[in-house]
Structure formats: structure tokens, C-alpha cells
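Working notes, structure below.
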Amino acid sequence: MNALLRGRVSLTVKYRAVIFDLDGVLCHTDKYHYLAWKQIADRLGIYFDEQINNRLRGVSRMESLNIILEKYTGPLLSNEDKERLASEKNETYRKLLMQMSPKDLGPNVLSTLERLRKGGLKLAIGSSSKNAPLILERLGLKHYFDAVSDGNNIQYSKPHPQVFLMAAEYLGLKPQDCLVVEDAKAGIRAAAAAGMDSAAMGDAAGYELATYSLKDIAELPELVGA
Ligand code: BG6
Ligand code: MG
């Protein structure tokens, strides 16, 4: 097994489903989030860089705005002002998402999803994004998933476990049957809080709360025995 095993691993690892985070795992929307937030930040005279953008991984749109506003020193903003800023950001972001196509998928994404499905695993999305349906459509990924749990069906975003618990519920499975794949530490914490094992990639790789750490998504089928 290539994946680096971490934490509590039993000898017979058996999952019935894999729940994928979307942004940062199946595709890379960071640059679009960055450009859309940067436009707002520049207009308000707020310092914003890629490092701050990294803190926005896995957290909701409004929470992201609050993180950006930590460096804001202008006149007080009302809740309506904040709602308006978040919608403006989203409009810009959705326009940028229209540039995405199946070409933007990582080289091993489709083959991995196909192998997992052939191996009898159910597949779901567990994303904080309200734009998950649009992104799945742009990438041609919709039909790979048995369930989509995203920013549209949750009240609390990661690190709260709700998005993953609802994905398991939509699949009709128990949390312990599901493996979560995540690139955000907030997402790994959400999986742990949901009682699910997790495989960490990218930014979250090596995080001590993750069950496994992956260098590449292509390691997944072997990890789950598909
Ligand atoms: C997550 C991203 O998937 O979705 C976050 O990692 C983002 O950076 C969040 O803030 C909410 O996205 P959206 O598309 O609902 O604004
Ligand atoms: Mg992510």
C-alpha cells in the first residue's frame, strides 16, 4: 500500500463509500476564488494575498468574507453590506467558473472515480460550496456521484460534520462505512467529528487528525481495496 497510514487503522479496511470534497480534491478553483475575492479586497483597500486565500479552504462564503475583513479598517459594514459583497464576489466567481471544462480535471481523477465505482463503492460529494452543482456540470462529473451534499443543504460548514453526515444519509450508509477525501484541515476535522476516516491531500496532507495521507488521488483504489 503506497498511502502513508496514519492513526487508528484496522487490518481489514473496508468502506462502502467515498465522500469527496470538491475544491482542491477533484478540481482547482482556488485561483478563481482568489481573483474574485481580490477584486472586492482591492476596492475596499484590504490587504489580501494567496496565504490569506489558503485560510478560506473549506469554509463558507460568509466566513471567508469575515476572514478577509479581519484586515479591513474602513467605515463599519452592516450585514446588508456584507451580503452584497458576498453576492458580488459570487457573481465574479461564477463568471470565472464558466471557463472551466473537463480539461481542468487532474490527470488521474476520472480513472480513479471509474475504478472506485467498478470496485462497488458508492461515491458522493461533500463540499461547502453552493456552486458545487455548477462546477460538477462544467467538469462533466455529475453522473459519477450517487449523492451530492453541498453548501445548499447545510446550515453549518466545515469543521462542522453536517455536510458529511448528510452525504452518508443521502447514500443510506453509516458514517463508519464512509471514507472522506479532503484537502482542507477544516474538512479533516469535520470528517473526524462525523465519525468518518479521512484521506488527506494537498494542503492537509500529513495532518495528524487524518487517517491516511495521499500524494495523489490515484492511490485511493488500492487504499480502499477497489
Ligand atoms: C469551499 C471552498 O469548497 O467552498 C471555500 O474551499 C469556499 O474556499 C466555499 O469559500 C464556499 O464556496 P461558494 O462557492 O459557496 O462561495
Ligand atoms: Mg477543498
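Beta carbons within 10 angstrom, averaged per residue: use that to sort the peptides 192-205, 175-188, highest first. The partial results should precede the final answer.
On the way: 192-205: 22.0, 175-188: 24.2.
Ranked by mean Cβ neighbours within 10 Å, highest first: 175-188, 192-205.
The lysines whose alpha-carbon is closer than 30 Å to the alpha-carbon of residue 89, local same-chain residues fewer than 8 away aside, are 31, 38, 71, 103, 130, 142, 158, 185. Debye-formula intensities of the chain, expressed as log10 I(q)/I(0) at q = 0.07, 0.12 Å⁻¹, are -0.22, -0.63 (one equal scatterer per alpha-carbon, no solvent).
Rounded to the nearest Hz, the phi-derived 3J(HN,Hα) couplings of the range 33-39 under the Karplus curve 6.51 cos²θ - 1.76 cosθ + 1.60 (θ = phi - 60°) are 4, 4, 4, 5, 5, 4, 4, where x marks glycine and proline. Between helix 109-118 and the chain there is an angle of about 40 degrees, using the helix long axis and the longest principal axis of the Cα atoms. Ignoring aspartates and glutamates fewer than eight residues from residue 122 along the same chain, the ones with Cα atoms less than 18 angstrom from its Cα are 21, 114, 146, 150, 169, 177, 182, 197, 219, 222. Taking the charge dipole of the range 104-226 about its Cα centre, with +1 at Lys and Arg Cβ atoms and -1 at Asp and Glu Cβ atoms, the residue from 172, 108, 198 reaching farthest to the positive side is 172. Taking chymotrypsin sites (Phe, Trp or Tyr not before Pro) in DSSP loop conformation with at most 16 other Cβ atoms inside 10 Å as exposed sites, the chain has its longest uninterrupted site-free stretch at 73-155.
R0 = 22 Å: FRET efficiency of residue 78 with residue 130, Cβ-based, nearest 0.05?
Details: r = 22 Å, r/R0 = 1.00.
Rounded to the nearest 0.05, the efficiency is 0.50.
Shape call for the range 66-175 from the C-alpha gyration tensor, a ≥ b ≥ c root eigenvalues: rounded (a/c under 1.5), prolate (a/b greater than b/c) or oblate? Oblate, because a/c is 1.5 or more while a/b does not exceed b/c.
How large, in percent, is the carbon and sulfur part of the accessible surface of the range 30-97 at a probe radius of 1.4 Å?
Values: 1990 of 3980 Å².
The C+S portion of the solvent-accessible surface of the range 30-97 is 50 percent.
If R0 is taken as 35 Å, the Cβ-Cβ distance between residue 137 and residue 51 corresponds to a FRET efficiency of 0.70.
When both the range 48-72 and the range 152-226 are represented by their alpha-carbon centers, they are found 22 Å apart. Counting only protein heavy atoms and a 1.4 Å probe, the range 30-97 has 59 square angstrom of accessible area per residue. Once the mean 1/r over all distinct Cα pairs of the range 23-106 is inverted, what Kirkwood radius in angstroms do you read off? For the range 23-106, the Kirkwood estimate is 13.4 Å.
Can you give me the % of accessible surface on the range 126-226 that is carbon or sulfur? Probe 1.4 Å, all protein chains present, nothing else counted. Please list the in-between numbers first.
Values: 1800 of 3780 Å².
Exposed carbon and sulfur together represent 48 percent of the surface.
The values are calculated or read from the model by the stated rules, or taken from the named source; none is laboratory data. Bear in mind that the values here come from a model prediction, so they are computed numbers and not experimental data. Positions of Cβ are generated from backbone atoms using ideal geometry, with glycine treated the same way; all protein chains shown enter the neighbour counts. Areas reflect the complete protein model, heavy atoms only, side chains present, ligands, DNA and RNA absent. Shrake-Rupley method; radii C 1.70, N 1.55, O 1.52, S 1.80 Å.
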